[in-house]
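Structure first, then comments.
The values are calculated or read from the model by the stated rules, or taken from the named source; none is laboratory data. Predicted, not measured: the structure shown is a model, and the values here were computed from it. Heads up, the Cβs are rebuilt from the backbone with ideal geometry, glycines too, and the neighbour counts pull from every protein chain shown. Surface areas here come from the heavy atoms of the whole protein model, side chains and all, with no ligands, DNA or RNA. Shrake-Rupley method; radii C 1.70, N 1.55, O 1.52, S 1.80 Å.
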Amino acid sequence: MNKVVYENDHDLSVINSLTELYNAAKDCARCGLRAGCSGVVFGEGNPEARLMLIGEGPGADEDRLGRPFVGKAGQLLDKILAAIGLERFAHAYIANVVKCRPPGNRAPGPNEADSCLPWLYRQIELVSPRIIVLLGSTALQNLIDPDARITVMRGKWLVSKSGIMIMPTYHPAALLRDTSKKRPVWEDFQQVRDEYLKV
Ligand code: URA
């Protein structure tokens, strides 16, 4: 198992609840994305979940509703969770690398992701999950290694300095485009379920 590290150079450690963190994040203008979106899509789920899922950034549906993963990819994610006996509000906390929708659904640029990551790092600390699933290459590259390839890294456990088990897998939107990714994602989530059930 590889040892991985994520940086945590931020000043948000004084914030001690997700509600407080949301209140601070909703007025964030650390990058230009906020000016072009409807609002911050902070994250949702069980604040004490043992499992955290991290995607790329809000799309049009998420931007409109202010909630993560509510469009087609989100519906598929809910089905994947259901297939391993889990439900987003009961068993997971869901967030994204960036909290504001990048225009035209493009991937966030490095400066946008870097500006936004402190919010995510503090979310991770406050939720304190035992398992994190990284959904797609944006999450993988921003949390683990900018040169990492999802095709190579998916399905293999990583572990953070603080002992969080991290499983990279394909983004559900990638499955919608390419059904051959269904099996590997199913296998990855079976590993997640097995790990989840260990406690
Ligand atoms: N894709 C993401 O990465 N995140 C969302 O919230 C929705 C779609």
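Summary of values
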| quantity | calculated |
| --- | --- |
| Order by protection proxy (mean Cβ within 10 Å, highest first), peptides 66-76, 13-23 | 66-76, 13-23 |
| Per residue solvent-accessible surface (Å²) - the chain, probe of 1.4 Å | 47 Å² |
| For the chain, cysteines whose Cβ has no other cysteine Cβ within reach (under 4.7 Å) | Cys28, Cys31, Cys116 |
| Fraction of the pair-distance distribution of region 59-153 above 23 Å, Cα-Cα pairs, percent | 27 percent |
| Summed residue charge, Cβ within 13 Å of Ala60's Cβ, Lys/Arg positive, Asp/Glu negative | +2 |
| Neighbourhood charge, 10 Å Cβ-Cβ cut-off, centred on Arg154 and excluding it, Lys, Arg +1 and Asp, Glu -1 | +1 |
| Normalised per residue, the volume of the convex hull around the Cα set of region 115-169 (Å³) | 76 Å³ |
| Rounded to 5, the percent of DSSP beta bridges in the chain classed as antiparallel | 20 percent |
| Apportionment of accessible area to carbon and sulfur, region 1-102, percent (1.4 Å) | 49 percent |
| Förster-model FRET efficiency, 25 Å R0, Glu125 and Ala90, C-beta, rounded to 0.05 | 0.70 |
| With every protein chain in place, region 128-186: carbon and sulfur % of accessible area (1.4 Å) | 50 percent |
| Region 123-157-region 41-102 distance, computed between alpha-carbon centres (Å) | 15 Å |
| 222 nm mean residue ellipticity, helices alone, for the chain (DSSP H n ≥ 4; -39,500 (n - 2.57); rounded to 500) | -11500 deg cm²/dmol |
| Cβ-based net charge around Asp27, under 14 Å, with every Lys or Arg adding one and every Asp or Glu removing one | +3 |
| For the chain, fraction of C-alpha pairs farther apart than 24 Å, in % | 33 percent |
